[in-house]
Amino acid sequence: MAKIRTGEITTHVQRIPSAIPAPDGAEPPVVVFVHGLLTDSLASYYFTLGPAFAAAGHDVVMYDLRGHGRSDRPDTGYRLDAFVGDLLGLLDGLDVTVPVHLVGNSFGGTIATAFSAWHPDRVATVTMIEAEPPVAGWNEHMRAGLADAKRQLVLEESISWIAARHGAHTARLSRNAGRILGTTTLAEDVPLSRTIDDDLSALTRPLLAVFGDESGLSAQAPQLEERVSGCRTVILPEQGHSVLVEQPAVTRDLVMEWIAAHTPAGALR
């Protein structure tokens, strides 16, 4: 584990090098995992996809978003632009110069798509899991959701309700999310973020989008396939928003297959 200066904050990162030497001196694919908002951290990948990808020959980078985990938690500065800037600073700080494969869950997928739109030369592929690109309308969706979370997660009855229905661990994560919202301007900043055009023309890198069929986010699948060249969408049956947690093996196989299909011959054994 390490901490790297990424602009005005320090970011906590864990890198797992490929367990398999790349053939003929080729560089292994670099896969960067970007987690979701508030109740998440790099741990969600450490216990699901990260080690498996390293074992399969990928150079794995996992990090805590600003305000989360062991990264710095500034009082302000939580627009999407800042999260994208942190990722750019992280890659520079790690001396990663090859285009990377970005894998983002929930808000992490929004960061990944925004990064690919604004820094396409740094991206090989994008995978977004139960996520949406930051187009018009996304801001208001985030405004409403974050405002409601900020109101509810400071109430003890809300935490008790979560504990009764989802367990003590989820309740602890929810309580911490309430602290983040209560001590930062995250809920106010995210809805003010820069967006991309609705036609999705800024998304020029190959995109894999994975959804649960019970999630409202799956409705965007036809539009993504129509408007984003090289896009593949997968809708998993009987799944909601927690695809990564509930279907880690299926998700792993889908993403590995996607990255392998977009990796130069010889870079993976």
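The values are calculated or read from the model by the stated rules, or taken from the named source; none is laboratory data. Note that the structure is predicted; figures quoted are calculated from it, not measured. Heads up, the Cβs are rebuilt from the backbone with ideal geometry, glycines too, and the neighbour counts pull from every protein chain shown. Ligands, DNA and RNA are stripped out before the accessible areas are found, and what is left, the full protein with its side chains, is counted by its heavy atoms. Shrake-Rupley method; radii C 1.70, N 1.55, O 1.52, S 1.80 Å.
Calculate what fraction, in whole %, of the accessible area of the chain sits on carbon and sulfur atoms when a 1.4 Å probe is rolled over the protein chains. Solvent-exposed carbon and sulfur of the chain make up 52 percent of the total. A simple rule links phi to the HN-Hα coupling: the Karplus curve 6.51 cos²θ - 1.76 cosθ + 1.60 with θ = phi - 60°, which for the stretch 119-124 gives 9, x, 5, 9, 10, 8 Hz, with x for Gly and Pro. Measuring nothing but how far apart in sequence close Cα pairs (under 8 Å, 6+ apart) lie, relative to its length, the chain scores a relative contact order of 21 percent.
Please compute the net charge surrounding residue 245, taking Lys and Arg as +1 and Asp and Glu as -1 over other residues with Cβ under 15 Å from its Cβ.
Details: positive: 252; negative: 40, 130, 214, 238, 246.
Here the charged neighbours net out to -4.
Listed options for semi-axes √(5λ) of the Cα gyration tensor in Å are (i) 30, 24, 17; (ii) 25, 20, 18; (iii) 28, 21, 19. The value calculated from this structure is the one marked (iii).
Accessible area of residue 98 (1.4 Å probe, protein heavy atoms only, ligands and nucleic acids ignored): about 40 Å². Inter-part distance, the stretch 1-80 to the stretch 225-264, computed on C-alpha centroids, equals 19 Å.
If the only charges are +1 at each Lys and Arg Cβ and -1 at each Asp and Glu Cβ, what is the size of the charge dipole of the stretch 116-269 around the Cα centre, to the nearest 20 debye? Can you show the working numbers first?
On the way: 14 positive and 20 negative charges, 129 e Å.
Once rounded to the nearest 20, the dipole reads 620 debye.
Taking Lys and Arg as +1 and Asp and Glu as -1, the other residues whose beta-carbon sits under 12 Å from that of residue 84 total +2.
With distances taken between every two different alpha-carbon atoms, the stretch 171-269 has a Kirkwood hydrodynamic radius of 16.4 Å. Among beta bridges from DSSP that stay inside the stretch 2-104, the antiparallel ones total about 50%. With R₀ set to 30 Å, the beta-carbon distance separating residue 168 from residue 257 gives a calculated FRET efficiency near 0.25.
What accessible area per residue, rounded to a whole number of Å², is obtained for the chain using a probe radius of 1.4 Å?
On a per-residue basis, 43 Å².
Using only alpha-carbon positions in the stretch 132-180, the gyration tensor eigenvalues give semi-axes of 25, 11, 9 Å once each is multiplied by 5 and square-rooted (largest first). In terms of its Cα atoms, the stretch 84-124 spans 27, 17, 15 Å along the principal axes, sorted from long to short. Each Lys or Arg adds one and each Asp or Glu subtracts one; over the other residues with Cβ under 14 Å from the Cβ of residue 176, this totals +4.
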